[in-house]
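Just below is one structure, and these are the notes that go with it.
The values are calculated or read from the model by the stated rules, or taken from the named source; none is laboratory data. Please read all numbers here as calculations on a predicted model, not as lab measurements. Counting neighbours? That spans all protein chains shown, and the Cβs are built from the backbone with ideal geometry, glycine included. In case anyone asks, the SASA skips ligands and DNA or RNA and just uses the protein heavy atoms, side chains included. Shrake-Rupley method; radii C 1.70, N 1.55, O 1.52, S 1.80 Å.
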Amino acid sequence: MSNVLIIEDDNMLGDTLSLYLTGEGYHVTRVELATEGIARLDRVQPDIILLDLLLPDLDGVNPCPLIRKHTDVPIIVISTENDISERIRTLTLGADDYICKPFSMQELKARIEALFRRIKITRLQGRGISPVAEPETGITLDLARRMVTVNGQMVEMTYSEFELMKLFYTNRGIVFSRYALIQALRGTDSFINERAVDVHINHLRRKIEKDPKKPQLIKTIWGIGYKFMQ
């Protein structure tokens, strides 16, 4: 049985989500505040988090970065905000999917199951695979544990950032167009476009490059896309 943590202050929606997902066989915990959700992480051990964007204890501040400081569990944001720029911003701040209110319970269930399938496939692919080390860059990619270390220091990455890093790292020297990267991430981020890809790249550079403003690892191929240097 998978554990779902719902962080939602709307009682009607929160109760509806809880009842529906419980009926679908999930073990559900629901809280109303971001701080409550963080406090419950160790006890609940969630497999996925459903997160409202507007929570009363954060006074309008996007909760994704705060949650990401404490866990890399996949996050599906549920929000009334359907502005494209806010959706992109939220995905780049750590969300793995974004669904706008109102939505059907069946669509939410389908998105949860799709995310679980991708996680399961990734874990199966990683079994028995030793960490891939790159001595010249100081980077080690551990597919089995979904970990990246740079010069011995673990680097926190969102689910989508790791998928992008894995694609680059296991295909070093290959140029990927923005369209190819969009297709690779589609399904990880339900809403992904060229702008979102560029933001993901910038985040990766800040995490792995010595000087993100003069990247030596993830190179821009002007007019085409990006490649990870051999």
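Here are the numbers:
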item	result
Number of positions in region 1-37 that are within 15 Å of residue 78 (Cβ to Cβ), open to solvent by 30 Å² or more (accessible area, probe 1.4 Å), without any contact (Cβ under 8 Å) to a residue 24 or more places away in the chain and not charged (D, E, K, R)	2
Boolean, residue 168 is of a type in the set (Phe, Trp, Tyr), in a helix (DSSP H, G or I), under 30 Å from residue 99 (Cα atoms) and modelled with pLDDT of 85 or more	yes
In region 55-73, the residues that are surrounded by fewer than 16 Cβ atoms within 10 Å (Cβ to Cβ) and of a type in the set (A, V, I, L, M)	58, 61
Candidate set: region 192-219, residues that are open to solvent by 40 Å² or more (accessible area, probe 1.4 Å) and not in a helix (DSSP H, G or I); chosen: the one farthest from residue 154 (Cα to Cα)	193
